[in-house]
Amino acid sequence: MDFTPPPTPREVPPFDPELTGPLAALGAEAREPFTHENLAARQARDAEVRPRPTVHDLRADGRFEVEELRVPGAPGTPDVTLVSARPAGVTGSLPLLYYLHGGGMIMGNAWSVLPQVLRAWALPLELAVVSVAYRLAPRTRYPGAVEDCYAGLVWAAAHASALGIDADRVVVGGKSAGGGLAAALALLTRDRGGPAPIGQLLLCPMLDDRNDTFSSHQMAGVDLWDRTSNATAWQALLGDRYGAADLPPYAAPARATDLSRLPPAYIEVGSAETFRDEGVAYANALWQAGGQAELHVWPGAFHGFDTFAPQAALSRDARDARTRWLRRILARSDGS
């Protein structure tokens with residue numbers, strides 16, 4: 001990719017007025033960039049403060065059936081933990097949202113993302129959800145996380161009847177690092193002839209290890225997840241392969257030179273976030289390859305805006321757009 005110099009002077013897109021208060025309320029500590037020096041401490045703090053609901057909590061007083069599953073990982077690797085959930089009392093084979101959590105490949109867990117995902121989509125769309133507890137960097141470097149995700153998807157498709165899901169109606173999705181992993185998983189299943197998703201839901205996806213887009217420079221020191229944090233996370237994931245010219249697209253999907261024969265994508269970014277330009281570029285590359293992509297660039301949104309300001313009008317609009325896309329994708333695949 002040709003280098004795009006940073007803007008001079010460095011104008012920054014304005015934040016949406018409803019987002020500035022929640023952003024300021026996070027405080028300096030939460031906005032401190034991730035570095036090699038503070039990474040272990042930040043990971044420990046995140047694990048301590050991030051809510052991790054139990055299976056009992058996730059059942060939400062009987063509204064969902066939830067179970068934890070240990071399934072085989074890739075050869076020579078540990079088993080993978082999946083958290084499987086579906087609306088209680090709904091019979092028949094349900095479509096599946098195979099969901100990969102965010103956290104820059106260095107944080108997060110399969111449990112904490114589920115309450116919102118289940119409320120937003122499992123109930124209104126009557127779909128099952130499987131969340132993947134993939135291994136985190138730097139303890140596990142590439143390809144550990146994406147191989148965990150692939151192994152879990154293969155297992156779920158092979159055990160569709162027991163899970164009560166339709167293996168021909170699977171959407172892979174995720175946010176931030178999870179969005180990048182979902183894009184990588186779509187490439188990997190295509191190239192290995194694995195279970196074929198009907199869609200990929202890529203929310204502010206982490207796609208490009210090169211970290212050299214216009215927006216990555218423009219939002220340095222401004223976005224919640226900025227260029228310094230992004231470089232730290234990619235280095236933690238890739239180790240000695242960081243910056244390698246021959247890095248596979250399954251590590252960083254923006255490296256892909258062939259985006260043909262991929263499922264339709266929903267891609268969203270904020271206009272005021274580090275990942276803006278790589279998300280837009282990925283949508284454009286899908287179109288140029290003859291594929292389908294629905295792109296949303298939310299004006300004045302920073303990375304993860306809807307998590308920190310869930311009641312803002314922009315956050316509500318974003319959730320509605322995602323739901324409409326999912327409903328359309330599922331309707332197209334419904335053979336009944």
Cα-based shape type of segment 18-130, given that a ≥ b ≥ c are square roots of the gyration tensor eigenvalues and the cut on a/c is 1.5 = oblate
Dipole magnitude (debye, nearest 20) for segment 17-333, charges at Cβ of Lys, Arg, Asp, Glu = 520
Taking the Cα-to-Cβ direction at Asp191 and at Leu123 and moving 7 Å from each Cα, how far apart do the two end points lie in nm?
-> 4.1
For segment 246-253, in residue order, the Karplus 3J(HN,Hα) values (coefficients 6.51, -1.76, 1.60; θ = phi - 60°; whole Hz; Gly and Pro = x) are 9, 4, x, x, 6, 8, 9, x
Please work out whether segment 242-295 counts as rounded, prolate or oblate from its C-alpha gyration tensor, where a ≥ b ≥ c are the square roots of the eigenvalues and a/c under 1.5 means rounded, while otherwise a/b larger than b/c means prolate and anything else oblate?
-> oblate
Charge dipole of the chain built from unit charges on the beta carbon (Lys, Arg +1; Asp, Glu -1), centred at mean Cα; most positive-end Cα among Ser161, Phe214, Val297 is Ser161
So what is the calculated 222 nm ellipticity per residue for the chain, using -39500 (n - 2.57) for each DSSP H run with n of 4 or more, over all residues, to the nearest 500 deg cm²/dmol?
-> -10500 deg cm²/dmol
Which Cα, out of Pro249, Ala110, Leu123, lies furthest along the positive dipole direction of segment 17-333 (beta carbon charges, K/R +1, D/E -1)?
-> Leu123
In nanometres, the difference between 0.36 nm per residue of separation and the alpha-carbon distance of Glu29 and Thr323 is 102.5 nm
Amide H to amide H, which residues 5 or more places from Trp298 or on other chains are under 5 Å from it, using H placed in the peptide plane?
-> Val269, Gly270, Ser271
Honestly segment 237-336 on the Cα gyration tensor test (a ≥ b ≥ c root eigenvalues; a/c under 1.5 rounded, otherwise a/b vs b/c for prolate or oblate) is just oblate
Excluding the sites themselves, what is the longest stretch of the chain that contains no trypsin sites (Lys or Arg not before Pro) in a DSSP loop with at most 13 other C-beta atoms within 10 Å?
-> 11-138
Across Pro264, Pro75, Pro138, the residue with the highest GNM fluctuation in the chain (Cα network, 10 Å cutoff) is Pro75
How much length, in nm to one decimal, is gained on full extension between His159 and Asp61, taken as 0.36 nm per residue of separation minus their Cα-Cα distance?
-> 32.6 nm
Residue-by-residue Karplus 3J(HN,Hα) for segment 107-117, coefficients 6.51, -1.76, 1.60, Hz, glycine and proline x | 9, x, 8, 6, 8, 5, 7, 6, x, 5, 4
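Every read-out reported here was derived from the displayed coordinates using simple, explicitly stated rules and does not represent laboratory data. All of these numbers come straight from a predicted model, not from anything done at the bench. No Cβ is skipped: glycine too gets one built from the backbone with ideal geometry, and neighbour counts run over all protein chains shown.
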